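Bear in mind that the values in this text are calculations on the coordinates, not laboratory data. Note that the structure is a prediction, hence the values are computed from the model and not measured. Using ideal geometry, Cβ is built from the backbone for each residue, glycine included, and neighbour counts are taken over all protein chains shown.
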Amino acid sequence: MDSGLKNRVAIVAASSQGIGRATAEAFAAEGCRVAMCARNVQTLQSAADEIRKRYNIEVLAVPLDVTDPVAVHDFVAAVVAKFGSADICVTNAGGPPAKAFLSTTLEDWKKAVDANFLSAVYFAREVIPHMQRKRWGRIITITSITTKQPVTDLVLSNAVRAAVVGLVKSLANEFGKDGILVNNVGPGYTATDRLKELAKSCSAASGKSEEEIFASWSADAPLKRLGDPREIANAIVWLASERASYITGQTILVDGGMYKGL
Ligand SMILES: NC(=O)c1ccc[n+]([C@@H]2O[C@H](COP(=O)([O-])OP(=O)(O)OC[C@H]3O[C@@H](n4cnc5c(N)ncnc54)[C@H](OP(=O)(O)O)[C@@H]3O)[C@@H](O)[C@H]2O)c1
């Protein structure tokens, strides 16, 4: 099935590792030109080099922190200067720490808002004018299953990511007339470094081993396993593709069926 994505320009934020990296790679496999960013320059450059070589496509990789609005502005400007447009923008950032409410500090809340909400605002306001000019665009936010079903001790994620869903729905309503589709993807438990960190803190809090924690996460999903980052990336690429051209304002969970609601 032709995705219609060849030669599109795909920005993937926070993409040197994990779900972001798998997403950058999945767009590269479709023949997109890809723009990647993350804070650690070595990890970013080595991810970008591998993708460039494997798919023989152009990759722009810029080290930056997605919580810095000036850096995001300059990054999108550099993407447009190099590739001529910003067709697809996937927002992403590292997840907030696992904490129960009374253990959180005001600093934790501010950091979670910066990384997991405002970073999406920063990218959206930079890319939308370019998408409007082409009358075509895709914005896809990476959030979490917590947008539908709160997870114990992830109060920062449970609360802050809801704002992203409000943003996604609002942007979908406002910019649908310009051919811009805006959707949200919520991963369930997915095998990345982030999950190893979460397992460590859950293990410390509960006294269970990290293996037991991983086993309980797998057991919680009807598919009885963790997700692979490539499975999240595939859903994101599909949402960006011409095959999903009448879908906007939605949250799609890629969680092996873990969400318990209807
Ligand atoms: N894995 C899961 O099970 C799961 C489940 C639900 C939701 N999620 C959410 O999905 C998102 C991605 O998770 P992941 O598992 O792929 O994480 P990960 O493996 O820890 O990778 C995070 C990536 O984001 C980059 N990054 C982090 N903070 C950044 C910042 N402020 N500015 C720029 N780049 C930044 C990291 O590189 P640098 O550190 O070099 O910047 C790295 O490339 C997170 O928000 C996470 O909470 C994950």
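By the rule of a C-alpha distance below 23 Å, with chain neighbours fewer than 8 residues away ignored, the lysines paired with Lys200 are Lys99, Lys111, Lys208, Lys224.
Among Tyr246, Tyr189, Tyr122, the largest mean-square fluctuation in a Gaussian network model of the chain (Cα springs under 10 Å) belongs to Tyr246.
Listed values for region 38-50 are Karplus-derived 3J(HN,Hα) couplings in whole Hz (6.51 cos²θ - 1.76 cosθ + 1.60, θ = phi - 60°), namely 5, 7, 7, 5, 5, 4, 5, 5, 6, 5, 5, 4, 4, and x replaces Gly and Pro. Ranking Leu167, Ala199, Gly186 by how far each Cα lies toward the positive end of the dipole of region 158-204 (charges on Cβ) leaves Ala199 at the top. Mean projected area of the convex hull spanned by the Cα atoms of the chain, taken over all viewing directions: 13.7 nm².
Computed from backbone phi, the HN-Hα couplings of region 191-199 come to 6, 9, 4, 4, 5, 5, 4, 4, 4 Hz, rounded to whole numbers (Karplus: 6.51 cos²θ - 1.76 cosθ + 1.60, θ = phi - 60°; Gly and Pro given as x). Figure legend: label point modelled 7 angstrom from the Cα of Ile247 along Cα→Cβ; residues of region 127-171 with amide N under 15 Å from it are 138-143.
Taking a quarter of the surface of the Cα convex hull of region 151-262 gives a mean projected area of 7.9 nm². For Gln250, the residues whose amide H sits under 5 Å from its own are Asn184, ignoring neighbours fewer than 5 places away on the same chain, with H placed 1.01 Å from N.
Calculation over all alpha carbon pairs of region 52-203 in 5 angstrom steps from 0 returns a P(r) of 2, 9, 17, 19, 19, 15, 11, 6, 3, 1 percent. Running a GNM on the chain with Cα contacts under 10 Å, which residue among Ala77, Ala86, Ala48 ends up with the highest mean-square fluctuation? It is Ala77. Computed packing ranks the peptides 215-226, 160-171, 28-39 as 28-39, 160-171, 215-226, most packed first, by mean other Cβ atoms within 10 Å.
Listed by chain and number, the lysines placed with their C-alpha closer than 27 angstrom to that of Lys134 are Lys6, Lys82, Lys169, Lys177; residues fewer than eight positions away on the same chain are left out. Note on the chain: GNM, Cα springs under 10 Å; of Arg133, Arg21, Arg194, the largest mean-square fluctuation is that of Arg133. Taking the longest Cα principal axis of the chain as reference, the axis of helix 119-134 is set at about 30 degrees. Stretched out straight at 0.36 nm per residue, the stretch from Lys177 to Gln45 would grow longer than its current Cα-Cα span by 43.8 nm. Overall, the chain carries a charge dipole of about 500 debye about its Cα centre when +1 sits on the Cβ of Lys and Arg and -1 on the Cβ of Asp and Glu, all other atoms neutral. A cut-off of 5 Å between modelled amide H atoms, ignoring neighbours fewer than 5 places along the same chain, links Val151 with Asn158.
Helix 155-175 and the longest principal axis of the C-alpha atoms of the chain enclose an angle of approximately 30°.
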